[in-house]
Every structure is written in C-alpha cells, then in structure tokens.
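Trainee: My questions all concern the structure below.
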There are 2 protein chains.
Amino acid sequence: MENVRPTVDCGKYPAKRVVGDTVPVRAAVYSDGHDLLRACVRFRQRGQKQYRESQMRPLGNDEWEGPLTLERIGTYEFHVEAWVDHYDTWVDGLRKKVEVDSESDVDLAIGAALLKGAAARTKEGADRDRLLTAAELFESTAAPLQERAGRALDPRLIATARRYPDRSVATRSAGFSITVDPVRAGYSTWYEMFPRSTYRADRVHGTFLDAIERLDYIAGMGFDVLYLPPIHPIGLSFRKGRDNALVADADDPGSPWAIGGPEGGHTSIHPDLGTAADFRALVKAASDRGIQVALDIAFQCSPDHPWVQEHPEWFVRRPDGSIQYAENPPKKYQDIYPINFETDAWESLWQELKNVFVHWIAEGVTIFRVDNPHTKSFPFWSWCIAEIKAKHPQAIFLSEAFTRPHRMYGLAKMGFSQSYTYFTWRTEKAELESYLTELTASDVADYYRPNFWPNTPDILHEYLQEGGRPAFMIRLVLAATLSSNYGIYGPPFELQEATPREPGGEEYLDSEKYEVRRWETSDPRSLAPFITEINAIRARHPALQRTRGLRFHTTDNEHIIAYSKMSEDGGDVLLIVVNLSYEHTHSAWVEFSPVAVGHHDSRPFRVTELLSRRSYTWEDYWNFVKLDPHHRPAQIFRLEPE
Amino acid sequence: MENVRPTVDCGKYPAKRVVGDTVPVRAAVYSDGHDLLRACVRFRQRGQKQYRESQMRPLGNDEWEGPLTLERIGTYEFHVEAWVDHYDTWVDGLRKKVEVDSESDVDLAIGAALLKGAAARTKEGADRDRLLTAAELFESTAAPLQERAGRALDPRLIATARRYPDRSVATRSAGFSITVDPVRAGYSTWYEMFPRSTYRADRVHGTFLDAIERLDYIAGMGFDVLYLPPIHPIGLSFRKGRDNALVADADDPGSPWAIGGPEGGHTSIHPDLGTAADFRALVKAASDRGIQVALDIAFQCSPDHPWVQEHPEWFVRRPDGSIQYAENPPKKYQDIYPINFETDAWESLWQELKNVFVHWIAEGVTIFRVDNPHTKSFPFWSWCIAEIKAKHPQAIFLSEAFTRPHRMYGLAKMGFSQSYTYFTWRTEKAELESYLTELTASDVADYYRPNFWPNTPDILHEYLQEGGRPAFMIRLVLAATLSSNYGIYGPPFELQEATPREPGGEEYLDSEKYEVRRWETSDPRSLAPFITEINAIRARHPALQRTRGLRFHTTDNEHIIAYSKMSEDGGDVLLIVVNLSYEHTHSAWVEFSPVAVGHHDSRPFRVTELLSRRSYTWEDYWNFVKLDPHHRPAQIFRLEPE
C-alpha cells in the first residue's frame, strides 16, 4: 500500500475537512502475481473503540478509492486494509475457463474448499446454509460439470460468499487522521471592525452596546463572522500616539495590541468598551443574526500587563535585569514585551495562555484570529490548539502570519484552521493564477485554508490607494469568489478609505489602530450594496463555498482574468471574469464551455450573468466580454443546466 | 524539518546512488521567531558506530542543502540535525545595530555569556583561551563600546565560536538510508547471448568454451555485461518444440526457462554447456576483457526439477493431488511449475532460493537478471536482496517485470538495482518525451534505474520488423543515449534479424528460445561497427553515464526528437538529434543553446558532430538539421567549451 491520501507529511499531521464532507480516500494497493485484491477504509472517531468500514473500488492501475463520510466535527482516524482474495480470484478464473469450456472438477473442488472457508466465518443462518449447500454440490459428481460451474457463477452465491472474505492475512497501512471542522471553517465571510469606533460622534470611544447597533448593518451585507481587534485593557507606558507617534497625547487611546494594564490583561475587557455582560450581550445579539464573534488573540504584553509584575519569569531578562522588549534589529518596539515560551517556567505559562482561549470560549466565542503566530513558539501552538479542539472541536483558529511560505504552511499543518495569505499582494493575472494554483491544486489544499483579505488595518495596498472605487470592487470580487473564506476591514473598505500615512507605504493615514474614528456607514457612495450582492451570490452558490473546484480559463488579454468555480457534485458552475485594470475598459475572448469543466459537450449553452441578471446563449468555446471598470469591472456567469 | 531528500515513501525504502556520488541532501528547516538556524547532515555506513557530519547551507526560503559523499558501496544511514543558534543570531543582530550605532553594553554582556558557553564546550587550548579572553573584554568597560563591538565582529573570533555551537536542544529528523551500488549499476552496457548458439556449425549445441571465443567480438563492441539466459539443465516433460510447439522433437533443446532435470536444478549447469570449471573459465576470460557475466535467475521449475521430488511442499497442490502448473486463465503452461512462496515450509524454501544466488556469487557472478519477479513474492525479494547485499554489496539485480507501473516501481523500491521498462514500446516523439520525463524528472529517479532494451528474445517490436537497418540504428541510438544502462539481444540485433513468428506478433521466428541457432557475426551488413562507435561515445562521455541530466529540446517536426545530456558537473554536454522515421528524410529547426542547458549565453558557439567528426559554428538558438534514415538517422553533437 502506497500513497494513501489525504495525508500530510507522511501522516505527521492530520488533513483537514469540514463536517458533512465525503472524502474519497485513495491509495495504491498492489501485490505480486495475478490474484485479485480487495481493500477497505477502516475509520472511527477518536475516542471510539470500534472501526467502521467502507469498501474501496479499483480505479485501474492499482489505484483504489473508498468514500469516508465525515458525520461529526472532531478527529477521525483511518487506515486502509487490503488482502489477496482467493475467492474473487477463483471466480474470475472460473469465469474465463467457462467461456472457453475448459473448466474441470478440480476447479470446482477448489471452489468448494473456499466456500467452506467462508461458511466457517459465518454465524448459523441462511448464508451459511447457502454456502455449504453450494460446496456440497460442487464436490458431487451427480450433476453435470457445466451445470455445477453455472451455479458457481450465480451472482447471489457470489455476493453471499463475498460478505465473508478471508482477511486472516490482510495488510494494514499506517494510521492517519483528519480534522473535521465546522462548516464555517471552510466557508466564512468576515467583517473586521474596531468596536471603539462605533459611536456616532467624533472621537468618543464606542462600546459593545454601540457595536450591537452596528450588527444589522453587518448582517445585512451578508457577513457571518464579526472579528474584533483585541478587546483588552491597553497599556499606558510607551503608548503609541496617532499614526504610530512614539509619544501619545493624554487622550490617545493607544493600540489595542499593546495589551494589558492595571485593569487586567488577556482575560479582561477594556473598561471603555464595557462589561463582561455587555460583551456577552454583543455575542448573543450577533448570534441572533447568524454572526459569530471572532476575537484577536495576541500573545504579547504592554509593560503594564499584570503578568509583568506577577510573572516576571515569563519574559526574557537581559543581563542588566531589564525585560527584553520586542526587537527586529535595529528596530525597537518598547511598548511590547514578547513572551518567553522557552522559560524554565514554561509549563505554567503555557497553561495560562491556553486558559485565555478557554476563558473566551466560556464567554461564547469559538473563533480566534491569532496575531503573528510565527513569532510565538510552534510547539506551543501544536499543543494548545490540539488541547482546545479536543474539548471544543468547533473552535476555529485563523493564523495571521505574513512570513515565508514554509512557516505559513507549517502553522496550518500544526492546527490553524484558516490562514491569511499573500493574496493582498497578488494583483496581476499571472501571479494570481500561479498563487491560486499552488493553493488549490497541490497538496497544500489538504491542510491550508486560505482566508483572503483585500485590506487589513496594517495593509492598505497601493492598488487600492491608486485605483479608487473600481479597485475596491475588483479586489472584493476576486477575494469573495476565489476563496470560500474572505474578509474585509470595514467600514474603511466599503467607504473606500484610500489614503496612506506616507507615499509608498501601506499604513492607513489616521489609522484606527491608534485613534478612535467615526465612520459614516450611510454614505451613499458606500460599496455596501455591492458587497451585499456579492455575499448573496456566495450564499446561493455552493461553488463559492469551497476553495477547491477552481479552474483558470484562457483569455487573450492579460488584463482580463477568467476562472470557474464548481461545486463538489458538479451541479453548480460559475464563470467569473474580472478586468484587473481599474482604469481602462478591456475586452477579451474567453475560452469556456461545459466541456472545459468536465461536463459533456453541449453547444450552444446558456449562461446567466448574475450581477446584471441577463441571460445569454453562448455558441462556442470562445466568448466575448467587455468590462468597463468604472461601470462593471467583473461579471459572474452561472452555467445554466441543459 | 520537512521534506528531507532524497527519501522514498517516507523513508520506508532507501534511495539509490552509485559509489563516488555526492548527494546534495536537502530539507526544509525552519522555526518560529527570527532567530538564525544551523543544520547539518549526520551520516554513517550501516554497521559503523560513529556519525560524521556535513554542514548544510541555507539556499533561501528555508531550504537547506548539505553534501553527502558516498565513498563506499553498501548502505549509508543519514538524518538531519538542526538547532536555533543563539550565537549566530546575536552576531547578526549586533552587526545590524553597529551599522546604525545603536549597540549597547547589554548587547555585549549577552555576547559574553554566549562565548563563555562556547568555551565550556571546548577542551583546554587556544580556542578556549580566545573565547574567554573575548568574553572578558566584552564585559569590561575599560575599552570603549565601539571598540569592543568591533572585536565581537572579528571573523576569526566568530569562526572559533561557531566551532562550538550549543546543540543541547537540537532537533533530529527521522533516519533515512541510501543504497550505494557499484558504478556498473548506474552505467552498464549489456549484451544478451545464448551460449548454446556460439558454435560455428548449424544446430550443434555450443559450450561455454565456444562462448569464450565470442568474447573478443563482444568486448570489441564495447559491452561490459554479458547476460546469459538460464544455464541450468532443461526439463524433458512437456518440453516445448521449435517456435513454441507444444510437443518437442527428440533433438529439440527446449526452453532454457523450463529449468531442471535429472542433472540438477538452479545450482547446476546444463551438461551440454560444460562443466563448472568451464563456467569459471568463461567468467575469468570475460573479466580479463572488462566484462562481467550476468545470469538469468528464474524461480520456476520444469516437472523434472529435483525439487519437485525432493520438496513437493514447495509447490501448490490441487485437490486431486496433482501439482499446480502455471496458469493465466484460460492459458495453461504445463512445462512450468510455479513455486509456492507462501507454503507452510516457506522458511526452508526461501533459504534455498537465496542460496541459489549465494552459489553463483561464489562462482564469480554478481549480476543477476531476474525473470518475472512480479509473479514471485514481493516480501521474498525484499528479504532476499537485502540479505544478499548485506554480505555482497556489489551485487546487482535487474528486474524483468513488464507489468503495471506501481508494480514495476515497487520492485525497484524493494531492492532491484535496475529495471526493464516500457522503452521498447515507446517509439513516437511524444510518448518518448513523456516517459523519459517521468523516469528522470520525478522522484522515480531516486530509486528506479532504467535499463533500455531495443529487443529481447521475447520482444521483436513491429518498429524493427518494419523498419530495416535504419530502424535498428534509430532504436540503438535512443536506448544508448537516453539511458546510461542499456542492452541488446545479440547477435539478432546487430544482424538485424526481423522476422516475426506470426504477423502482428512480437515473437521471433525460429526463436533461439526453442532451438540452437548459428549466427554469422562477420556478416559485412552487421551493425557491429556502428554499435562499437556508439558504445565508444558512451565510454568517452560522462553525460551518457547517468540517466539524469536529460532535457528535451523543441523541434518543429514531430518526427525529429532532440535532447541533451549533461554530466553532473556540467562540463560535458551532448545534444542528440534523431529522426524517428525509418523511411523518410526529415529536417527540422532545433532549439538549443548553452543557455538552454544552464550555461551562460555565448553565441555563436561551436559543436562537433561525433559520428561524422565535423565541427560547426551555431549562431543562434535555432539550428537546422536534416537526417536521412538510410544514411545517418541520428546526430550526436558535443558542445565545445568556449
């Protein structure tokens, strides 16, 4: 047995799927000689005693496949078992001999022995009687050879015998596992918002109760995850001022990522946001609208964090006795103390950090966006996520690690359910195609779930700075249709906030990270209606609720990218065509037809463009599109059934 | 640590190399945070106690590489070890701070502690003194900060400290192994010949002494392996007659693969071939000419084989008490009894079979061509080959398995040093390119060594039947230049024997398998001179002595295939251009230049065509060739150094 799939790194890590998925488990299964084989997938949920089995069928060339339906969230364990089946082999040989009239009494004697063996593996009953009766018939010479051979090939007898195969010398593969996550791990629509900016007056610190007022707006656009930057008390020492000024004014609120103050740390709530009861009210109000709250967990401390006094051993001490602040030489970040995951006291530290998650799970939160996990200990994440999901398998962890590829993929292997990606910096056709192919067509897709963000509080890409409204629409369509998980940092996104702090940089001017902002969400120029439309299309189309099923289609214009998404059962097919130029109208011939997505050839075929609601009949494999970014930079065609 | 290479099936099987190779061991090595890492390859020969180490260098993006030179044949074991190097990290950080004048006393205090740690890992001596002196300097405030920081970046101090890294919490990968074979496993030129056909008169059974007379001819053509079909006694019962007739005439010699008679079995010699002393003389005479003898080992028995009487338990008994003959329903092969590898007496059987190899190794043979290993037990081969090579690491096993790909590749993984391939049936450009790419560019190349045969006693391909002399030349050039291991079945090959037994079949008429033939090797139409020339080119060109280093080049004619071979060090580059049509002249533009093989751009560049000995100056990336199959169906260009 070779190449069992889906597996990750020789089984070192589990593959990932969502509940309800049916996984086609595959393996190469072969042996010497010409005997026939049988194989099955044996599986169980972790903690169960019994294995269930799923028969595998041969696909040809020694490839076998058996379906494994993942009925519950949690961890499934599986392996492949295969054996040389002497009964199947004998039936196959007998069939070939009968075709040329060369069967013999010896052949039937061999078969009788096999049936008796099968009978010995049954309990008393009809099956056993049928097998023993047949065996007796084969060994007698009363009936003619031809008739006995015919009986031997009776499908009902064969089916009965095949229920009791001789698996005494079967071979088992190594064991593998699959993490089965909630549906929302594979299909989620995120809205990031600073709750302190939800009050309607300038520079007044918003509260959770104000944030509740924003929920109908968010739910109305079709988002199902509300992600809040850290909600904890913010340190005073070395607090950053507006636009990351080294010194804060008295009324500057500081960065939410400088966590911890006299009021508490990672399990506390910033007093200006409200109380624990207010937070629970927000979580409930969101839930009532189909929205799950996601919290930002950043394992670092401001100098005022209680742990600095209570647990100095959890930090790195320099030889002069001072605590090591964050550094990326020669840069210094004196408002942040990194945690020392390798301290001698690591066991108590790790428990406390894990308990941060446990605390917020008890408060009703099961989705966590983790800040810069690549600068925290990898073994810690492997352990912590496994511990949390063992008790709370519905927990979802989003990794915010913008770093080298091996590390980003490694964190996903270690347990992160979703991951930020390089999407924000992939704006041209070739790089989008290349990157998306890597994400969806390689083995990466078995453990790494991309979450595409056109903007974040840290990243205002040049494309959005320069491109105006069309750029925002283009990047939204790309994110929302290329990836089943995507998010925007709002309201700056829908309000098309596009001013950087300095030319050539990616920081927002007057960044909400360092001050309270007021957002006029009712601004008529808002993209909210467009976002609503796109999210509604996602909700109606299974093809967009998974990241696989993606295929790129040739166009004859490098500014026009075309790709299709197809649902698992092939029934839902969308063709998305996007003009990547935010400035100029472009047209192109796009190569697309039912054949291109594995359907059978039917030309002409009908498509409906979902944004304009117009239908077209396409005659051939090449079809013409023309997209004006200022009017409609993208089209989404649904392939109509024949 | 991920993706350690070269490994096969997660380390389940060893990779293969030849002695003298330097393997670039690679791995992805990464950790969290920003600290610098160091990594090394630790290796030893199986049976040694101590590991040696080879430093790995970072290639970028967390890929690391370290050379492992394979000095002896046998098995090497290796793993990767890596650690976070706090000293390297500190030096790197200090360097950056010094560049902007932001170093501090605390930085040097940290460095002093690191150097003291390194000193504790030294023995008394100059290194320790240097480290401790430097540490003392860093901690004193006598000298100015800038000066002390400068000392800390002294390359000689750094080199000294780096000799004593702190590896106390290093991580080790799993262990892997490499089978290091003799050079001839990777580069060999085979000549298959029936010794019974080496007498100069018709139908007189040749002997080993007659075969010795043939050796100068074979060595003269440049072959270094002489492969003999089974040399054992041949059974009389059910003996096949000429052209596989079901009944033999009294003077038919039978098939050498129907092994065993009253005279003995697999460790005996057919009495008509000679004595054991004659055989040893042949082996020695071959060795004197640089040729190794290879024997055909076919683990099956004629009904007259001694084992049938002495060990009936080694065969399958049918219910009527008769021994099961070979079958592939509905076909029956009554002259062959297959061995039952799964008999209860398998232990004694397997030992006896292994001892067949041991016997012939004692007679001076270390190369074995194994007949149809896929119809024998896979676990037997894994065990047997490992046992033999543990004592005789120079042994080479060639797998003759024409079956499904997984089984062919699986046998290579299980230990076969070389393998027959699908080459004989790949005659068109696209299929040659596709197959050779699979063999050389995928991970298959780490464990499967192709041996290309344009013809065998079982396979006279239609291409040779139809194509006359040009076809033989074409197939020879392809085999001899695409694969570093190739062989021909002679003299039928060089004498261009091309008549099939029946139209549409691949059997030779009057096949040497069933009768003694006489070959007129001095026939002036023989291809022997051409074969000599091709083998001489192989001997002079390292590029042809490995199967890797192959690249296909575009031509604008589907009848003309072009490919380059490059030696490991890049110094020897050959471009081979072949007209695949044995009938018509074809011409084409061929895309080739030094840049195409990774050299730097130098146009014009000179090439020498080795068969015509003519030199050319090529101006550009596209160059014109014209090949008349009746005159010169192929060209071999050597890229001249600048």
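The values are calculated or read from the model by the stated rules, or taken from the named source; none is laboratory data. Note that this is a predicted model, so its numbers are computed, not measured. Glycine gets a Cβ as well: all are built from the backbone with ideal geometry, and neighbour counts include every protein chain shown. Note: areas computed on protein heavy atoms with side chains; ligands, DNA, RNA excluded. Shrake-Rupley method; radii C 1.70, N 1.55, O 1.52, S 1.80 Å.
Trainee: Suppose every Lys and Arg Cβ carries +1 and every Asp and Glu Cβ carries -1, with no other charges. What dipole size does chain A come out with about its Cα centre, to the nearest 20 debye?
Mentor: Its charge dipole is roughly 1220 debye.
Trainee: Counting Lys and Arg as +1 and Asp and Glu as -1, each charge on the Cβ, what is the dipole of segment A:86-162 about the Cα centre in debye, to the nearest 20?
Mentor: 320 debye
Trainee: If you don't mind, another one. State whether segment A:131-211 is rounded, prolate or oblate according to the following rule on the C-alpha gyration tensor (a ≥ b ≥ c being the square roots of its eigenvalues): a/c under 1.5 gives rounded; otherwise a/b larger than b/c gives prolate, and the remaining case gives oblate.
Mentor: It comes out prolate by the Cα gyration axes.
Trainee: Which whole-Hz ³J(HN,Hα) couplings does segment B:410-421 yield from phi under the Karplus relation 6.51 cos²θ - 1.76 cosθ + 1.60, θ = phi - 60°, glycine and proline marked x?
Mentor: x, 4, 5, 4, 6, x, 5, 6, 9, 8, 5, 9
Trainee: Mind running the shape call on segment A:347-416? Use the C-alpha gyration tensor, a ≥ b ≥ c as the square roots of the eigenvalues: rounded below 1.5 for a/c, prolate if a/b tops b/c, oblate otherwise.
Mentor: It is prolate, given that a/c is not under 1.5 and a/b is the larger ratio.
Trainee: Using modelled amide H (1.01 Å from N, peptide plane; none on Pro or chain starts), what sits under 5 Å from the amide H of A:I367, excluding residues fewer than 5 places away?
Mentor: Excluding prolines and chain starts, which carry no amide H, the hits are A:L295, A:I396.
Trainee: Run the numbers on segment A:39-72: which residues show a drop of 40 Å² or more in accessible area, chain on its own versus all protein chains together, using a 1.4 Å probe over heavy atoms?
Mentor: A:N61, A:D62
Trainee: Write out the trypsin sites (Lys or Arg not before Pro) in segment B:265-358 meeting two conditions: DSSP loop, and at most 16 other Cβ atoms within 10 Å of their Cβ.
Mentor: The qualifying sites are B:R289.
Trainee: Would you mind computing, in nm to one decimal, how far apart the modelled labels at A:R614 and A:H392 are, each placed 7 Å from Cα along Cα→Cβ?
Mentor: Computed distance between label sites A:R614 and A:H392 equals 5.0 nm.
Trainee: I want the antiparallel fraction of DSSP beta bridges within the protein assembly as shown, as a percent rounded to 5.
Mentor: 70 percent
Trainee: For A:Y76, A:Y514, give the ranking by accessible area with the largest first, probe 1.4 Å.
Mentor: From most accessible down to least: A:Y514, A:Y76.
Trainee: Zone of B:L59 (label point 7 Å along Cα→Cβ, backbone N under 11 Å): which residues in segment B:7-27?
Mentor: In segment B:7-27, the label zone of B:L59 (backbone N under 11 Å from the point 7 Å along Cα→Cβ) covers B:24-27.
Trainee: Any idea what the relative contact order of chain A is, in percent, if you count C-alpha pairs under 8 Å spaced at least 6 apart?
Mentor: 11 percent
Trainee: Still on this structure, please answer the following. Taking 0.36 nm per intervening residue step and subtracting the Cα-Cα distance, what contour gain separates A:H34 from A:A174 on full extension?
Mentor: 47.9 nm
Trainee: Suppose we keep just the DSSP beta bridges with both residues in chain B; what percent of those would be antiparallel, to 5?
Mentor: Looking only at bridges with both residues in chain B, the antiparallel portion is about 70 percent.
Trainee: Now a separate question. At 1.4 Å probe size, what's the solvent-accessible area of A:D154? Round to the nearest 10 Å².
Mentor: Per-residue accessible area (A:D154): approximately 20 Å².
Trainee: Follow-up. Hey, what number do you get for chain B at 222 nm if only DSSP H runs of n ≥ 4 count, each worth -39500 (n - 2.57), divided across all residues, to the nearest 500?
Mentor: -9000 deg cm²/dmol
Trainee: What three numbers, in Å, describe the spread of the alpha carbons of chain B along their principal axes, ordered from the longest?
Mentor: 107, 66, 45
Trainee: Would segment B:169-262 count as rounded, prolate or oblate if I go by the C-alpha gyration tensor, calling it rounded below 1.5 in a/c and otherwise prolate when a/b exceeds b/c, oblate otherwise?
Mentor: Oblate.
Trainee: As an exercise, identify the trypsin sites (Lys or Arg not before Pro) in segment A:593-642 lying in DSSP coil whose Cβ has no more than 16 other Cβ atoms within 10 Å.
Mentor: A:R613
Trainee: With contacts defined as alpha carbon pairs under 8 Å and 6 or more residues apart, what's the relative contact order of segment B:86-162 in percent?
Mentor: Answer for segment B:86-162 is 35 percent.
Trainee: Turning to a different aspect of this structure: Using Cα atoms only, what is the angle between the long axis of helix A:276-288 and the major principal axis of chain A, expressed in degrees (0 to 90) to the nearest 10?
Mentor: Roughly 50 degrees between the two axes.
Trainee: What accessible surface, in Å², does a 1.4 Å probe find on B:E71, ignoring ligands, DNA and RNA and rounding to the nearest 10?
Mentor: The value for B:E71 is about 100 Å².
Trainee: I've got another one for you. Let me know the mean shielding of B:23-32 by other chains, meaning the per-residue number of their Cβ atoms within 10 Å of its Cβ.
Mentor: 4
Trainee: For segment B:453-459, what does the Karplus curve 6.51 cos²θ - 1.76 cosθ + 1.60, with θ = phi - 60°, yield as ³J(HN,Hα) per residue in whole Hz, taken in order and with x for Gly and Pro?
Mentor: 10, x, 8, 9, x, 9, 10
Trainee: Loop only by DSSP, 16 or fewer other Cβ within 10 Å of the Cβ. Give me the GluC sites (Glu not before Pro) in segment A:575-620 that pass, ordered by residue number.
Mentor: When the GluC sites (Glu not before Pro) of segment A:575-620 are filtered for loop state and at most 16 Cβ neighbours within 10 Å, A:E583, A:E619 remain.
Trainee: Still on this model: Lys/Arg Cβ at +1, Asp/Glu Cβ at -1, dipole of the protein assembly as shown taken about the Cα centre: which of B:W618, B:L215, A:P233 is farthest positive-ward?
Mentor: Towards the positive end, the residue furthest out is A:P233.
Trainee: With all protein chains present, how much of the accessible area of segment A:86-162 (probe radius 1.4 Å) comes from carbon and sulfur, to the nearest whole percent?
Mentor: After summing per-atom areas, the C and S share lands at 53 percent.
Trainee: Let me ask something additional. What is the mean number of Cβ atoms from other protein chains located within 10 Å of the Cβ atom of each residue in peptide B:329-338, rounded to a whole number?
Mentor: For peptide B:329-338, the averaged partner shielding equals 3.
Trainee: In Å², nearest 100, what accessible area do chains B and A bury in total when the solvent probe is 1.4 Å?
Mentor: Its buried surface, counting both partners, is about 3600 Å².
Trainee: Give the accessible surface of the protein assembly as shown per residue, rounded to a whole number of Å², with probe radius 1.4 Å and ligands, DNA and RNA excluded.
Mentor: 41 Å²
Trainee: Picking from B:P542, B:L527, B:P500, whose Cα lies most toward the positive end of the charge dipole for segment B:470-556 (charges on Cβ: Lys, Arg +1; Asp, Glu -1)?
Mentor: The one lying farthest along the dipole's positive direction is B:P542.
Trainee: A:F315's amide H: which non-local residues (gap 5+, or another chain) put their own amide H closer than 5 Å, with H modeled 1.01 Å from N in plane and none for Pro or chain starts?
Mentor: The list, which skips near neighbours in sequence, is A:N340.
Trainee: A further question follows. Specify, per residue and in Å³, the volume enclosed by the convex hull of the alpha carbon atoms belonging to segment B:545-639.
Mentor: 92 Å³
Trainee: Give me the percent of accessible area attributable to carbon and sulfur for segment A:545-639, probe 1.4 angstrom.
Mentor: 45 percent
Trainee: Hey, can you list the residues from segment A:99-148 whose accessible area shrinks by 50 Å² or more with all protein chains present, relative to the chain by itself (probe 1.4 Å, no ligands or nucleic acids)?
Mentor: Buried on complex formation: A:V106.
Trainee: If you don't mind, there's one more thing I want to ask. Please list, in order along segment B:604-615, the HN-Hα scalar couplings obtained from phi with the Karplus expression 6.51 cos²θ - 1.76 cosθ + 1.60 (θ = phi - 60°), rounded to whole Hz, x for Gly and Pro.
Mentor: Running phi through 6.51 cos²θ - 1.76 cosθ + 1.60 with θ = phi - 60° gives x, 9, 9, 10, 10, 7, 6, 7, 9, 6, 9, 9 Hz.
Trainee: Okay, moving on. If we count every other residue with Cβ under 9 angstrom of B:G186's Cβ, Lys/Arg +1 and Asp/Glu -1, where does the sum land?
Mentor: +3
Trainee: Towards the positive end of the charge dipole of segment A:86-162, with charges on Cβ (+1 Lys, Arg; -1 Asp, Glu), say which of A:A118, A:L153, A:S102 has the farthest Cα.
Mentor: Of the listed residues, the answer is A:A118.
Trainee: What is the calculated FRET efficiency for B:A430 to B:A250, with r their C-beta to C-beta distance and R₀ = 30 Å, to the nearest 0.05?
Mentor: For R0 = 30 Å, the calculated efficiency reads 0.05.
Trainee: At a 1.4 Å probe radius, carbon and sulfur cover how many percent of the accessible area of segment B:4-45?
Mentor: So the carbon and sulfur contribution to the accessible surface is 46 percent.
Trainee: Sticking with this structure for a sec: Tell me which residues come under 5 Å, amide H to amide H, from A:I234 once H is placed; ignore anything under 5 positions away on its chain.
Mentor: Close amide H contacts, sequence-distant or interchain: A:G260.
Trainee: Could you sort out which of A:K429/A:K513; B:K12/B:K354; A:K12/A:K389; A:K354/A:K389; B:K49/B:K116 sit more than 21 Å apart by Cα distance in this structure?
Mentor: The answer is A:K429/A:K513; B:K12/B:K354; B:K49/B:K116.
Trainee: What nm distances, shortest first, do you get from the label point of A:G570 to those in the other copies when the point sits 7 angstrom along Cα to Cβ?
Mentor: The projected label point of A:G570 is separated from its counterparts by 4.8 nm.
Trainee: Calculated FRET efficiency, A:D569 and B:R203, Cβ-Cβ r, R0 51 Å, to nearest 0.05?
Mentor: Working from the Cβ atoms, E equals 0.15.
Trainee: Using unit Cβ charges (K, R positive; D, E negative) and no other charged atoms, how large, in debye to the nearest 20, is the dipole of segment B:545-639 about its Cα centre?
Mentor: 320 debye
Trainee: Quick one: net charge of A:W381's neighbours, Cβ under 13 Å, K/R +1, D/E -1?
Mentor: Summing Lys/Arg as +1 and Asp/Glu as -1 gives +1.
Trainee: Could you state the angle between the C-alpha long axis of helix B:378-391 and the longest principal axis of the C-alpha atoms of chain B, as a value from 0 to 90 degrees rounded to the nearest 10?
Mentor: Long axis of B:378-391 versus the principal axis of chain B: about 70 degrees.
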